[in-house]
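Following: one structure in structure tokens, then a few remarks.
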Amino acid sequence: MKDNILTLTISSPEVTALTQEDFASRRARLMDSLSDGAIILTAGHMATRNSDVEHEYRQDSTFWYLTGFDEPDAVAVLRPGHEEHPYVLFVNPFDPKFEIWVGQRAGVDGAKQHLGADEAFPIEELEEKLPELLEETNTLYHSLGSDQEMDRLVTDLVKRRRSSGQRNGRYIQRVADPGITIASMRVVKSAKEIESLQRAIDITAQGFDAAIRETRAGQREYHIQTPLENEFRRLGSPRNGYPSIVASGENSCILHYIKNRRELQDGDLLLIDAGAEVDYYGADITRTWPVSGKFTPEQRDVYDIVLEAQKKAIELIAPGVEFGDVHKKAREVLIQGLKDFGILKGDIDHIIEEKEHEPYYMHGTSHWLGLDVHDAGIYKNGDDSVLLQEGMVFTVEPGLYFGRQVEDAPEYLKGIGIRIEDDLVVTADGYRVMSSAIPKEPGDLEALVGMTAS
């Protein structure tokens, strides 16, 4: 930060956009991994908001990851080893009259010409065509419970093949979930994915800059949300990765607060947890700052503990480190801070075992980040923590909360909620803080608050 002005370079969205070759490569990797059967993937569906209005559509992340197709109600069938048509799409057909209402659709021809499908059919033909496409298959990969209609079709196919199995031996022998294989692909990001994430993070940084500058007493939370999200849209993010949390005063102790209506008061803290989305990849960043432009001594004491916890946790990150160790380090520092306040007493291990810290710190420190704000990927194999690898992207977000859930907290700390969250990528020799452009040192935040106020 120079002269209290946050300066970032925002690349054009075309630079990091994935191509159909990228999606084809992902499908090939998946089919190589699950070569003993056919894979069925379902798109998301439109949802009615009220009367004749629908919610804004956002494609299912896994479907988009493997197809790059953002229209609803589609189905993809992948058949490893099929010589002619390994990739089949069922899509809504092109309808010139319907186009007047909803705009252009790829249609059957577009699915083949522009989306890389080897064959395509109207979605209305799915029930008829699916048994034919899968007649040589005895293993189906489908995530049961993810789509009610597809669950029915798969169940019907299993029953149909069972009834004829004695005559031809073509049973469906196994229905398995492809989710764990797909998650293992998604959790390690390619260079292009990291570029898209970085763009989303850089746009989010500009939004935070605008929000911090706009902060002053008398505004309502949504007044600060406006410049934040205006920067997202202005710089090319079509939507948020999740609803923005703009939480002042005691609202900062509500983890998923999204009402965003309260009036900001002098002496309040303002916690914003928000992220722009680019190319379907979303940022997830939190900062907490004083509405008045100056932390009170009590707020500063809590802030310093949370900041130290985050820094100590981040220092551990490198390939081969256990994912769970990041949380353990942050938790250790936070508990020590609570002991220093005189709130908790005794051995840290005992405090953890008895969960005495959880009223003040009740969430994990990290989660994967990518197409979803809590992205695909496991955290443990049985009792063993996953080891970090180059290309993994995740958050580090410790916090301390002295809300209504802790009635016996010292009076001078009540209503204080602080969370600091950054997005990081594991590199070959350590880590890179992708959101480092957003200030978090107390003095830097204080210098920026309210700079646009008259």
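Write out the trypsin sites (Lys or Arg not before Pro) in the stretch 398-447 meeting two conditions: DSSP loop, and at most 13 other Cβ atoms within 10 Å of their Cβ.
Those satisfying the criteria are Arg404.
Which far-off residues, 5 or more places away or on another chain, put their amide H under 5 Å from the one on Ala120, with H placed in the peptide plane?
Leu89
In square nanometres and to one decimal, what's the mean projected area of the convex hull around the Cα atoms of the stretch 191-284?
One quarter of the hull surface, i.e. the mean projection, equals 5.6 nm².
Please grab the % of Cα pairs in the stretch 103-255 that end up more than 22 Å from each other.
Cα-Cα pairs in the stretch 103-255 separated by more than 22 Å: 67 percent.
When the helices in the chain are scored as -39500 (n - 2.57) per DSSP H run of 4 or longer and the sum is shared across all residues, what 222 nm value do you end up with, to the nearest 500 deg cm²/dmol?
Helix contribution divided over all residues of the chain: -11000 deg cm²/dmol.
Report the Cα-based extents of the stretch 188-448 along its three principal axes, largest first, to the nearest Å.
48, 48, 28
Out of all Cα-Cα pairs in the stretch 321-417, roughly what percent, to the nearest whole number, are more than 20 Å apart?
Considering the stretch 321-417, 46 percent of its Cα-Cα pairs are separated by more than 20 Å.
If a helix is a whole DSSP H run, which ones in the chain reach 15 Å or further along their own axis (Cα) and hold a mean Kyte-Doolittle hydropathy of at least -1.0?
Counting only whole DSSP H runs, the qualifying helices are 191-214, 297-315, 323-340.
For the stretch 122-203, what is the relative contact order in percent, using Cα pairs closer than 8 Å and at least 6 residues apart in sequence?
33
Once you charge only the Cβ atoms, +1 for Lys and Arg and -1 for Asp and Glu, what is the size of the charge dipole of the chain about its Cα centre, to the nearest 20 debye?
Computed charge dipole of the chain: roughly 240 debye.
Among DSSP bridges having both ends in the stretch 35-177, what percentage is antiparallel? Round to the nearest 5.
For the stretch 35-177, the DSSP antiparallel bridge percentage is about 55.
Starting from the eigenvalues of the Cα gyration tensor, five times each then square-rooted, give me the equivalent ellipsoid semi-axes of the stretch 158-233, largest first, whole Å.
54, 18, 8
So which chymotrypsin sites (Phe, Trp or Tyr not before Pro) in the stretch 22-74 are both in a DSSP loop and have at most 15 other Cβ atoms within 10 Å of their Cβ?
Answer in residue order: Tyr57.
If you take every DSSP beta bridge whose two residues both sit in the chain, what share of them, in percent to the nearest 5, is antiparallel?
Taking every DSSP beta bridge with both residues in the chain, the antiparallel ones total about 85 percent.
How long are the semi-axes of the equivalent ellipsoid of the chain, defined as square roots of 5 times the Cα gyration tensor eigenvalues? Whole Å, largest first.
45, 26, 20
Percent relative contact order of the stretch 35-177, based on C-alpha pairs within less than 8 angstrom and at least six residues apart?
Computed value for the stretch 35-177: 22 percent relative contact order.
Hey, which of these cross-link pairs are over 31 Å Cα-Cα: Lys380/Lys414; Lys189/Lys294; Lys112/Lys189; Lys312/Lys345?
Distance filter (> 31 Å) returns Lys380/Lys414; Lys189/Lys294.
To one decimal place, what Kirkwood hydrodynamic radius in Å is obtained for the stretch 12-62 from all pairs of distinct Cα atoms?
14.2
Note down the relative contact order for the stretch 196-250 as a percent, whole number, built from C-alpha pairs under 8 angstrom at least six residues apart.
Taking the mean separation of contacting Cα pairs over the length of the stretch 196-250, I get 36 percent.
Restricting the calculation to Cα positions, tell me the Rg (one decimal) and the Dmax (whole number) of the stretch 35-177 in Å.
When restricted to Cα atoms, the stretch 35-177 yields Rg and Dmax of 16.1, 51 Å.
Which is the longest run of the chain containing none of the GluC sites (Glu not before Pro) found in DSSP loop states (not H, G, I, E, B) with at most 14 other C-beta atoms within 10 Å?
That would be 137-353.
Laboratory data are not the source of any read-out in this text; all were calculated from the coordinates shown. This one's a predicted model, so the numbers in the text were calculated from it and none came from an experiment. A quick note on method: Cβ atoms are made from the backbone with ideal geometry, for glycine too, and the neighbour counts reach across all protein chains shown.
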